[in-house]
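Notes follow once the structure below has been shown.
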Amino acid sequence: MAQIRIRNTNERITGEQEVAQFLERQEVLYEHWNTVQLPKQLQEKFILSDEDKAQILASFDQQIRSLAGRRGYKTWDIIALSEATPNLPELLKKFEQVHTHTEDEVRAITAGEGIFIIKGSDDVGYFDVELSAGDVISVPEHKPHFFTLMASRQIVAVRLFIETEGWIAHPFDDPAFQKA
Ligand SMILES: [Fe+2]
């Protein structure tokens, strides 16, 4: 279940209700999908064949189509990252820069864990959203953010798009941002 860490104060927010309320105030979509329908062997697998990816998408087909229907997403795919990913350090370096997109960035975590760092309202500042399997998040368009892995350095997620071109990253140079 997702947890929040507010970077300015180091305050942590836990508990489904509290996390959902905080994210709603920050205009970040959050929901949680039951992962029991995902076959056991895919809950801990991070190097995926095309068949594995198709099976993950099929397992969550109902949730994906419901979310896509509500929010207008037209295409979706699977991304997997782990120590086996070629150039993982370079990839992470690229991810770990504050940026924006012209469409929202949706991720449904199906295995592993990861963190979205998002620029919140002025009174909150940057906050971390720590995500694990079943967590679904959408960072709104034009909201500065970046993504990184957690210590386990492995994640599988469904990505949903309205237009894949909308997901191009625009760097956001923010003097207020401090790495922490
Ligand atoms: Fe992004």
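Each value in this text was obtained by applying a stated rule to the coordinates, not by laboratory testing. Quick caveat, the model's predicted, so the values are computed rather than measured. No Cβ is skipped: glycine too gets one built from the backbone with ideal geometry, and neighbour counts run over all protein chains shown.
Miscellaneous remarks
- Residue in the range 56-71 that is under 28 Å from PHE172 (Cα atoms), within 12 Å of the ligand (Cβ to nearest atom) and either in contact with a Cys (Cβ under 6 Å, 6 or more places away or on another chain) or not aromatic (Phe, Trp, Tyr) (or both) present: no
- Taking each residue of the range 12-26 that is under 15 Å from ILE115 (Cβ atoms) and looking for partners that are surrounded by 13 or more Cβ atoms within 10 Å (Cβ to Cβ) and charged (D, E, K, R) with beta-carbon atoms closer than 6 Å, six or more apart or interchain, yields ARG12/ARG5.
- Residue within the range 112-132 that is without any contact (Cβ under 8 Å) to a residue 40 or more places away in the chain, of a type in the set (Lys, Arg) and farther than 21 Å from GLN41 by Cα present: no
- Only listed residue being under 18 Å from the mean Cα position of the chain (by Cα), closer than 19 Å to GLY134 by Cβ and assigned to a loop (DSSP other than H, G, I, E, B), chosen from THR35, THR102: THR35
- Per-region count, the range 88-98, residues surrounded by fewer than 18 Cβ atoms within 10 Å (Cβ to Cβ) and within 12 Å of the ligand (Cβ to nearest atom): 4
- Within the span defined as the range 29-49, every residue fails to be of a type in the set (Asp, Glu) and either buried (at least 18 other Cβ atoms within 10 Å of the Cβ) or farther than 24 Å from GLN154 by Cβ (or both).
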